[in-house]
Structures are given as C-alpha cells and as structure tokens.
Amino acid sequence: MDFRFKLYRVTTAIVLMISGIFTFMLLSSILFLGTNFGSIVFLLSMGACFIHSVLSLYLQRSLLLPEIPLKESTPGGMRFMGTIGLIFSVLLILSGLTILLVTPEQMKAEIDNLPPDQQAAVKQTLIAPIGVFLLVVGSLIVLNIGLSFRYLRQWLQLQGGRSEEHEE
C-alpha cells in the first residue's frame, strides 16, 4: 500500500464520519422542524458525500481484495455522487473563504442589519472558526473525491486487463 492509497483510506473515513453526522443532523432537523429549500439542498449534497464515501469503501475493498468484485452500478454511482460532492465542496470552500475575508467592520454592519432576536444569536468570535471548518471540510471532500476518481480509473484499467485475459 502506497502513501496515496493510505491517504485515500483515511480521508474516506473522515469524510464518512463528518458527512454521516451532518446528514443525520439535517435529516433530524427537517423531520422535527419542517422543511425549507436550503435545508433540503444541503441534506442532498451532504447525503451525496456520504453515499460517495460508502461507495469508496467498496472500491477500496475491491482494490485490496481483487477477488471481491464491485457491483456494476458502483463506478457510475461514484462518478455521479462524486460530481455532486465536488460542486458542494467547492461551495463550502468558497463560503469559508468569504467568511474569512470579511473584515470585522463589514461583519458588524451585517449583524446590525439582522432583526434584534437574531443579532443575539450571532457571536462574532465563532465566525472565523466556522470559516476555517468550512475550508477544511471542503478541502477534505475535494481530496477524497479526487483520490477516488484516480483509484476508480485504476480499478477500471485492471478490470479491462482481466477481461482481455479471460477472452483469450
């Protein structure tokens, strides 16, 4: 096992945990508090990252144990869920950058525009850590999906070579 494959396994585990926790939290909040468009889109995006991580586990197992094949739908599902996850993670990274690049004066002005009951809920000391968290999570998802696409391509090449051997 090379370093890149170990990194792929670690990032898959981390993304699986983070996306699983957030998917559960979002699903619970939608069930208990009701739905709105933003929460449903966020749930579907986080769910796509979760499903992609689960499919990545199957790919890793198939790469480590070649006698265990992948289902026919796994490569297509990984590509589709990975694309949704990439779009979502780019949005996370851009959101994190936006939060970190806003000056304290601009943030104060934006908070002052909120209704009084919402102003009390916003703590300026938590804004920068939220931006860093979004950057880290978005970067982890991008790294994981990039590695999964690389190893999926490798798996497909291995399967192409094996099918040629069986035809002869």
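The values are calculated or read from the model by the stated rules, or taken from the named source; none is laboratory data. Keep in mind the model is a prediction, meaning the values are calculated, not measured. Every residue, glycine as well, gets a Cβ built from its backbone with ideal geometry; the counts of neighbours run over all protein chains shown. Just so you know, the surface numbers come from the protein's heavy atoms only, side chains and all, with ligands and any DNA or RNA stripped out. Shrake-Rupley method; radii C 1.70, N 1.55, O 1.52, S 1.80 Å.
Structure notes:
- Per-region count, the stretch 51-95, residues under 14 Å from residue 8 (Cα atoms) and out of contact with any Phe, Trp or Tyr (no Cβ under 8 Å at 6 or more places or on another chain): 8
- Long-range neighbours under 7 Å by Cβ, at least six apart or interchain, first residue without any contact (Cβ under 8 Å) to a residue 24 or more places away in the chain within the stretch 101-119, second exposed (fewer than 11 other Cβ atoms within 10 Å of the Cβ): 107/124
- For the stretch 130-159, the tally of residues that are under 20 Å from residue 54 (Cα atoms) and not polar (S, T, N, Q) stands at 16.
- Residue 23 being among the polar types (S, T, N, Q), more than 15 Å from residue 151 (Cβ to Cβ) and either in contact with an Asp or Glu (Cβ under 9 Å, 6 or more places away or on another chain) or not in a helix (DSSP H, G or I) (or both): no
- Some residue of the stretch 123-143 being open to solvent by 60 Å² or more (accessible area, probe 1.4 Å), at pLDDT below 85 and outside any helix (DSSP H, G or I): yes
- The stretch 55-67 - residue that is in a loop (DSSP other than H, G, I, E, B) and without any contact (Cβ under 8 Å) to a residue 12 or more places away in the chain and, of those, least open to solvent (accessible area, probe 1.4 Å): 65
- Any chance residue 84 is open to solvent by 20 Å² or more (accessible area, probe 1.4 Å), under 10 Å from the mean Cα position of the chain (by Cα) and not basic (Lys, Arg): yes
- Every listed requirement among (1) over 23 Å from residue 14 (Cβ atoms); (2) outside any helix (DSSP H, G or I); (3) in contact (Cβ under 8 Å) with a residue 12 or more places away in the chain is met by residue 39 save one, (2).
- The listed residues are 100, 70, and the only one of them that is at pLDDT below 95, farther than 17 Å from residue 44 by Cβ and open to solvent by 60 Å² or more (accessible area, probe 1.4 Å) turns out to be 100.
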